[in-house]
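The structure appears below as structure tokens.
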């Protein structure tokens, strides 16, 4: 229900109301390629593409959903059910084993409506009430990256260990290892974080169990299970090479994705987003509650599992705050780990303080949670009905222009040829995905990310000179960057290419133009009351 409800709101005014954006569009397009290969009975090529993907498990799930439901944005979006289902099941298990099934269900209802899990449902009412729109911080949390699934799997790998630390279940170690393996395969670029988190959870469990011979044996067994299962992917599917290459790319292109504010901005980037991702009121309660729980943990009022969840949240904060490259979706790691610590700690303290009252008050808590859910959806539906028409028209333009550009581009660029890309809604992948042929091949584009230390502007223009078509804006790239993602490090390259394409010496001629009229800026702005931006994109073709 949570995924279906969010998909409806998203399709009306959010992520699904426009062409899929980065990075989610790249994962969905990879899955689309696999679907085409499977339909063409190219099984070996399909399996190769999944195994060698940056996120094999996530691409596999996106493929499964598009095989069953058909190819498209909402079909791929439905794969979020795995991530959200895992997280809600974890919350229910943690809360119910500390209190009652009723409170577990109430916690699930509240968790399902966290903005990080139901971004579109919450963004509609919050933006209308506040009168402020911010697509990147609100609606964009629906982006089809594998982070939500990965953090759910990581938290399960920790919970399987620490929730059974007193029972000494051997199976818990194996189950934990399986979740850790799945987390690595879900988003291999975060494999170092996953493995570090799991190793620390293993070590912590071993210490809590007083370094007994049984704990030592099962720790070794769990490590062996993880090693054996990951070895084929790491070696034969070039998993280690993929991770290293990806991390090198992040370092090389850090200028395009770095957060502002220097060291202070980097350290406050994710904490400042907790009220956005957990809720404007609930978020501050979560922060205050977590600080109180830390004090309770120091006074030994909490158990080993709550301490482990607190440590996991702190670890996520540190490892994601230190690099300069950041984005709001990465904030889900900290927000969800903090929320897990909060519900676990509150459940523990409630059981200690009011063991007899929990059974009596649980149905009331569930009723309050149900009322909260109904209110949130009612406010969201009202917000959609009152949504400004100019905001809605902007989304429609993004969809229609992207579709028309892809159709026209397909007349001149074949699957084995390239075109010069320009910033746009999910461009170039939202364009090339529509041009995929029956063998899963698509046209290529000029490089999106450029390392200024290794590529000059002249070299970039020379690389672009071999392409069959070019998309360039009539406006300066700096103006384009107000609407579409075009960081300062890319702008000299994009501007130089645009000027070269329009010059007589390039050999290009103007084929067709499209105009985006009255677009809102991509950053914060007054909802429905903004100075509209008009952009004209031209398609140039050879000769």
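Please treat every number below as a calculation from the coordinates, not as lab data. If you're wondering where the values come from, they're calculated on a predicted model, not measured in any experiment. Counting neighbours? That spans all protein chains shown, and the Cβs are built from the backbone with ideal geometry, glycine included.
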ask   = From the Cα gyration tensor of the stretch 188-325, with a ≥ b ≥ c the square roots of its eigenvalues, which class applies: rounded if a/c is under 1.5, or else prolate if a/b is larger than b/c, or else oblate?
value = oblate
key: Nearest-ten-degree value, helix 389-409 long axis tilted from longest Cα axis of the chain   = 60 degrees
note = Here the FRET efficiency for residue 375 versus residue 217, based on Cβ atoms and R0 = 56 Å and rounded to 0.05, is 0.60
query = Gain in length, residue 441 to residue 499, computed as 0.36 nm per residue apart minus the alpha-carbon separation, to one decimal in nm?
reply = 17.9 nm
remark   = The FRET efficiency for residue 47 and residue 354, from their Cβ-Cβ distance with R0 = 60 Å and rounded to 0.05, is 0.65
query = Using the Cα gyration tensor of the stretch 92-198, with a ≥ b ≥ c the square roots of its eigenvalues, what is the shape: rounded (a/c below 1.5), prolate (a/b larger than b/c) or oblate (neither)?
reply = oblate
ask   = If you count, for each residue, the other Cβ atoms within 10 Å and average over each peptide, how do 190-197, 255-262 line up from highest to lowest?
value = 190-197, 255-262
query = So, in Å, what gap is there between the alpha-carbon centers of the stretch 116-130 and the stretch 155-174?
reply = 36 Å
note = For the stretch 32-122 the mean separation of alpha carbon contacts under 8 Å (6+ apart) over residue count, i.e. relative contact order in percent, is 15 percent
task = Determine the distance separating the Cα centre of the stretch 376-402 from the Cα centre of the stretch 199-228; give it in Å without decimals.
result = 51 Å
request  = Give me the angle, in degrees from 0 to 90, between the Cα long axis of helix 282-298 and the longest principal axis of the Cα atoms of the chain, rounded to the nearest 10.
outcome  = 40 degrees
query = In the stretch 155-225, if every C-alpha pair distance is counted and binned at 5 Å from zero, what percent goes to each bin?
reply = 3, 20, 32, 25, 12, 6, 2
inquiry  = Once you keep just the Cα pairs under 8 angstrom separated by 6 or more residues, what percentage relative contact order results for the stretch 78-125?
reply    = 27 percent
request  = Based on the mean of other Cβ atoms within 10 Å per residue, sort peptides 142-151, 525-534 so the most packed one is first.
outcome  = 142-151, 525-534
task = Please give the peptides 92-105, 268-281, 446-459 ranked by average Cβ packing (other Cβ atoms within 10 Å per residue), highest first, as a rough proxy for protection.
result = 92-105, 268-281, 446-459
key: Principal semi-axes in Å for the chain [√(5λ), Cα gyration tensor, largest first]   = 43, 28, 21
request  = With a Förster radius of 45 Å, plug the Cβ-Cβ distance of residue 74 and residue 200 into 1/(1 + (r/R0)^6) and report the FRET value to the nearest 0.05.
outcome  = 0.75
key: Alpha-carbon centroids, the stretch 304-341 and the stretch 254-286: separation in whole Å   = 12 Å
ask   = Quick one: helix 357-385 against the long Cα principal axis of the chain, what's the angle to the nearest 10°, folded into 0 to 90?
value = 10 degrees
request  = Only helical DSSP H runs with n ≥ 4 go in: add -39500 (n - 2.57) per run for the chain, normalise by residue count and round the 222 nm mean residue ellipticity to 500 deg cm²/dmol.
outcome  = -20000 deg cm²/dmol
task = Compute the relative contact order of the stretch 1-65 as a whole-number percentage, counting only Cα pairs closer than 8 Å that sit 6 or more residues apart in sequence.
result = 27 percent
ask   = Name the residues of the stretch 159-190 whose amide N is less than 20 Å from a point 7 angstrom out from the Cα of residue 210 along the C-beta direction?
value = 162-170
